[in-house]
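Here is the structure we will look at.
The values are calculated or read from the model by the stated rules, or taken from the named source; none is laboratory data. All of these numbers come straight from a predicted model, not from anything done at the bench. These accessible areas exclude ligands, DNA and RNA; they are computed on the full protein's heavy atoms, side chains included. Shrake-Rupley method; radii C 1.70, N 1.55, O 1.52, S 1.80 Å.
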Amino acid sequence: MSKSGSFASAATFADWREMFAKAGAKFLMVTQPGWDHHNNLNQYFPDHAAELSQGLAAFWRDMKDYRSRLTVVAFTEFGRRVQENASAGLDHG
């Protein structure tokens, strides 16, 4: 099952919910690329984090009838060093 579009789009989540129900799916994975900021973190991160927050909030609202059977997990595939690098970004650690 695949659906593309803006991560924060409530219409997209409504579409996913419908596909979820019709297919009897037990697992759904949504990705949001673009987190690999090695420079200018303050320029990119706030908007990207807001998009993630709005998307998760829209999903949670849209899935209200399914919450008792729903687990949401957010994760990243790699870690970061805490200290900012010389380019105002973060390096893999």
Quiz item: Working out 0.36 nm times the residue gap between ASP91 and MET19, then minus their Cα-Cα distance, what length gain in nm do you get to one decimal?
Solution: 22.1 nm
Practice problem: Please list, in chain and number order, the residues 5+ apart from ARG80 or on another chain whose amide H is under 5 Å from its amide H, with Hs placed from the backbone. | Solution: GLY93
Quiz item: Ignoring ligands, DNA and RNA, what percent of the accessible area of segment 9-81 is carbon or sulfur (1.4 Å)?
Solution: 54 percent
